[in-house]
Amino acid sequence: MHDVTTLTADAIQQAHARAADPGVDAAAEGMQVSTVVRKLFVLLQGSYGSLFVSKFATGLKDGQGHDKGVRAAMSVWQARLGHFPADVLEAAAYRVMAENPAFPPNLPQIEAACHAAMPRQTYAQQQGLTALPPPAPAQPVQVSLQERNDGKDWARRIVARLKNGDTSICRYTAMSARMALGLEAKL
């Protein structure tokens, strides 16, 4: 497992190797860091100014005139944040910027916000299981009943539905209807 120190060392070595190789052009070097991470750096630099970039700047320039420290930091951020979707990364950046507008965020803060902003999946989605279709709604049982208006018509409707084979009525409701009509002894 890689931790931030090994990622940083690897990124710095790669940056030095790319800077030492005159055959590396800017387009090939740009393939190392995604546009999402570049936009994140632009967003944070635009929000916090040189305070954000000065965290990574070393003063050493590569062949294209870019700071090697910033390039190495972008490579590390790409390694840690590259698997997050762009919308999650953007939401996390705005969340962290809103929580602390005075100081620029660091990589662990952005990564924690990304984990919090990721949409949650159910167990079935994580395992790749297909969802069952929803059950078809049962048609209500229609009963014809002459109402007596004695306050027990609700119980008569329930008992009639039970006699017609309605299985959606719970036991307690059926027992209460029978008790109201005197068909079952009271407790």
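Rule-based calculations on the coordinates, nothing more; no lab input. Just so it is clear, the model here is predicted, and its values are computed rather than measured. Methodologically, a virtual Cβ is constructed for each residue, glycine included, from the backbone with ideal geometry; neighbour enumeration extends over all protein chains shown.
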Select from region 56-78 the residues that are in a helix (DSSP H, G or I) and of a type in the set (Gly, Ala, Ser) and list them in ascending order.
-> 69, 72, 73, 75
Cβ-Cβ under 7 Å pairs, at least 6 apart or on other chains, region 100-126 side under 25 Å from residue 52 (Cα atoms), far side part of a loop (DSSP other than H, G, I, E, B) = 104/55; 114/84
